[in-house]
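Data block below; observations after.
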Amino acid sequence: MRRIKIWIFREVVSHSNLQDHVGGLSFKLNLEALHLYLLICFLGHYTRCCRTMDESIIDFDLNEPSNDEVGVISFERNTFELNEYPKEIDCSSEDDLAGQKKSEDDLVQNVFDPFLGQCFLSEEEAYVCFQNYARRSGFSIRKDRTNKKNGEVRRQDFVCQCEGKPRLKLVDSSKEQRNKKSVRCGCKARIRITLKKSFDIFPQEWQITEFITEHNHELLSPTEVRFLPVNRKISDADEKRILLFKEAGLSVKEMMRLMEVEKKVKHGYLPFLEKDVRNLLTKIGKKHEVNDAMDLLHHCKVAKEENSKFQYAFTVDEERKLEHIFWSHALSFDWYQKFGDVVVFDTTYKVNAYQMPFGIFVGINNHGKTILFGCALLRNETTSAFRWLFKTFTALMKKQPKTILTDQDPWITQAIAKEFPTTKHSFCIWHITSKFSGWFTAVLQSQYQDWCADFYKLYHLDSPEEFEHQWSHLIAKYNMHTNKHVIGLNGIKHFWVPAYLRDNFFGGMTTTGRSESINAFIKRFIGSHSNLSQFVKQADLAIEDVQQRELHDTMLEKYRGSTLRTMSPLEEQARGVLTPFCFKKFQEEFGRATLYSLLGENGNEFIVKYHEETTTKKRIVFWDGEMATCSCKHFEFWGILCRHILSVFLHKDCYAIPFTYLPVRWSREVPQSEEAPRVLEEETLSDTPIDDIHCPPISKTKGRPKTKRLKGGKEARKVTKSCGFCKKVGHNITTCPEKENIGFVNGSQKKKKKTSSSDIGLNPIFSLKY
């Protein structure tokens, strides 16, 4: 066997039809057949090529005697590389090499343009040839008319993409439609190939019988033609990488940049655009929409079989479509049994393809980190939906929370009152104060800043009596007795005023901000087009992330420990029981306890006051040797002893803290709750078959809809705008010619300088909104 080497330019071989003929395979031919094959290819197909090319380009001898009866030709598709240049080409000089390269490029451009009479072995080969020609020339092609005989294609036309006239498009005003302009402009450029019978060795071939090169539109440059859809393609390997990056939570821009770095491609020169990646992700997501609901329920069923602590429940409507679903991971179930005394509930949107509101139950663990108790997807946000959710939560999680924080949603408030009758409900103070600028800026004007300062002082009062007294003074000071927002705040004061809430444990939380961290983590991996099964998997990933951080905190607790600031036995006792997070809070209070003096003592009651300021409020502490309370209610609200009680301990020579005031909830080792599990209701335990459950419809969430409402009557009438100064049409008040004749302008027409929140020193939460 002898390998015949063909020396030819890289560009010539990479575009030659010989490469497509052999298909990138090593094959054996009889030497006589090889002679005939090469003659047909090089003399028949490339007549013009052979006339212009130098004889030194092809360096092989067909008449050279061979020791073997068979010769071997080895080609590799699309990867033709020459190991060395022909002897006739001198590569010693870089200038000569550059000149030689330029002449080769010009030669290839001229040689491999299609021409009349050119033959191909298949229709696909002709299409690839014309497609490469179109890419080099600056346009794209498509298949057009065909002529069949006895079911066999005998003629095929390839035309420019701009061939033909634009098709008429039916416009439906009730639907959103893309206003995409057609590129067809009647271009006549085309190639026609016809099937012809040939030699016995090649029974048939396709020949170019018509070739029109003139275009009636502007051709694209080489840097522009790559943006045409036909030249943009995502390979299978790139598709796998994109899906991998999507699972890792990367955005499309991050995917593109990472692939550019991996492939060492200049920015913006990947063979596809961001739009193509988004379309790919949408296309793949639609493949799973048919069985989306069943996939979700199957995932929950398998998780329940693997771990009995996994909890889930769902409902369907009359059409067997998924309505509501709640689930709780096995880890979440254990966390709730330990730290379920205080819960934050919040809803968010745009996290799934069905626009279903996503509700989460979160809490705080003994390390002060946010933990996830359960998740829910609801069809809508009504009282009945929230009642089902809270009822299911109680049934599956075995107990009700002691306290819960939410926003001011009236439907949530009604549902909690019905299903959590013994739970203390509190509103998020951020959701209230963030509306102040819209409520009171126009009313108070320059007094708005003073109002905010007085409100903050009022907010931090300890007793309800003090709040009631100061609230009436605040309303009278700013004359807001009839303001509807002030009346509304006073009506719900038991839900947001700390003086009414400090008797209950909230873990120091007054906002629903902890839920935002979970929402932000989940939204890294999912979006408004995510299906339900993907959504649940990413929620489980958030739980695993919390678990890993909890293990890391435990490791740091053992490895680093906590440092004592004093030699007090009280501090040393607290360090041995509390976690580093809670011990740090204890040290802050203990360090300030020495700054308080004991003013008076009446039996078991003590009056404590800060040692410097004479106007500082006095605190009343009760301590009988076993039980301690303070008027600030810090321990009841936080679960950590306040500085006032610790000051009494120091003054009364107390060297041991009662274990009642070192709560197990903040200890290093938190045992499981010993509360007896409740029996689930029959309707919750019933097994609903999941084989015929369909995907939910698109939910209608709160807020303004995306589509604008249809206007009619006077609204649909075209309104002619007129000048605000002279009331004439054709100009506005800025360009009014009559305004120049008047020496003054009304004060209402003068522009007022807007004052920013930083100029008046406002807290960002009270920033002005314009």
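The values are calculated or read from the model by the stated rules, or taken from the named source; none is laboratory data. This structure is a prediction, so every number in the text was calculated from the model and none was measured. Glycine also receives a Cβ, built like all others from the backbone with ideal geometry; neighbour counts cover every protein chain displayed. Heads up: the accessible areas ignore ligands, DNA and RNA and are worked out on the full protein's heavy atoms, side chains in. Shrake-Rupley method; radii C 1.70, N 1.55, O 1.52, S 1.80 Å.
From largest accessible area down, sort Glu557, Glu636, Glu626, Glu319; use a 1.4 Å probe on the protein chains.
Largest to smallest exposure gives the sequence Glu626, Glu319, Glu636, Glu557.
Only residues of the range 499-513 count here: report those whose backbone N is under 19 Å from the spot 7 Å along Cα→Cβ of Ile492, or say none.
499-502, 509-513
Enter the accessible area per residue of the range 279-323 (Å², integer; probe 1.4 Å; all protein chains in place).
60 Å²
Using alpha carbon coordinates only, what is the Rg to Rh ratio of the range 382-450, with Rh defined as the Kirkwood radius?
With Rh from the inverse mean 1/r over Cα pairs, Rg/Rh is 1.19.
Report the extension gain between Phe659 and Thr348 in nm, rounded to one decimal, defined as 0.36 nm multiplied by the number of residues separating them, less their alpha carbon distance.
Result: 107.9 nm gained on full extension.
Can you flag which of Lys233/Lys275; Lys169/Lys283; Lys338/Lys398; Lys369/Lys493 are past 18 Å Cα-Cα?
The pairs that break the limit, which is 18 Å between Cα atoms, are Lys169/Lys283; Lys369/Lys493.
With a 1.4 Å probe and every protein chain kept in, tell me what percent of the accessible surface of the range 197-341 is carbon plus sulfur. Walk me through the numbers on the way to the answer.
Working: 4580 of 8560 Å².
Exposed carbon and sulfur together represent 54 percent of the surface.
Can you pull the accessible area of Asp624 for me, 1.4 Å probe, Å² to the nearest 10?
Roughly 70 Å² of Asp624 is accessible to a 1.4 Å probe.
Relative to the present Cα-Cα distance, how much length would full extension add between Lys618 and Glu544 at 0.36 nm per residue of separation?
My answer for the length gained is 22.0 nm.
Take Thr423, Thr554 and sort them by solvent-accessible surface of the protein heavy atoms, 1.4 Å probe, largest at the top.
On the way: Thr423 15, Thr554 45 Å².
Largest accessible area first, the list is Thr554, Thr423.
Got a number for the accessible area of Ser140? Probe 1.4 Å, square angstrom, nearest 10.
Only protein atoms counted, so the area is about 20 Å².
Quick one: 3J(HN,Hα) in Hz for the range 438-447, Karplus 6.51/-1.76/1.60 with θ = phi - 60°, rounded, Gly and Pro as x.
Ordered by residue, 3J(HN,Hα) equals x, 7, 10, 5, 5, 7, 8, 6, 5, 8 Hz.
Under 11 Å from a point placed 7 Å out from the Cα of Tyr500 along the Cα-to-Cβ direction: which residues of the range 411-426 have their backbone N that close?
What the label zone holds, given the 11 Å backbone N cut-off, is 425-426.
For the pair Glu626/Leu458, report the inter-label distance in nm, with labels modelled 7 Å from Cα in the Cβ direction.
It works out to 4.3 nm between the two label points.
How far is the Cα center of the range 592-642 from the Cα center of the range 255-312, in Å?
The range 592-642 and the range 255-312 have Cα centres separated by 57 Å.
What nm distance separates the two modelled labels at Leu258 and Val729, each placed 7 Å from Cα along Cα→Cβ?
It is 5.8 nm.
Send over a whole-number figure in Å² for the accessible area per residue of the range 325-445, probe 1.4 Å.
Heavy-atom accessible area per residue stands at 28 Å².
Can you find, among Ala313, Asn291, Thr348, the residue sitting farthest towards the positive end of the charge dipole of the range 203-348, where Lys and Arg contribute +1 and Asp and Glu -1 at Cβ?
Ranked along the dipole, the leading option is Thr348.
Show me 479-486, 189-196, 643-650 ranked by packing, highest mean number of other Cβ atoms within 10 Å first. Mind dumping the intermediate values first?
Values: 479-486: 13.0, 189-196: 19.2, 643-650: 23.4.
Per-residue Cβ counts within 10 Å, averaged per peptide and sorted highest first, yield 643-650, 189-196, 479-486.
Leaving ligands, DNA and RNA out of it, rank Arg145, Arg278, Arg619 by accessible area with a 1.4 Å probe, largest first. Intermediate results must be reported in sequence, preceding the final value.
Details: Arg145 135, Arg278 115, Arg619 45 Å².
Largest to smallest exposure gives the sequence Arg145, Arg278, Arg619.
Simple spin-label model, 7 Å along Cα-to-Cβ: Lys558 to Lys287 in nm?
4.5 nm
Stretched out fully, how many nm does the piece from Glu572 to Asp317 gain, at 0.36 nm a residue minus the Cα gap?
Length gained, Glu572 through Asp317: 85.9 nm.
Keeping all protein chains in position, work out how much accessible area His267 exposes to a 1.4 Å probe, and write it in Å² to the nearest 10.
Approximately 130 Å² of His267 is accessible to the 1.4 Å probe.
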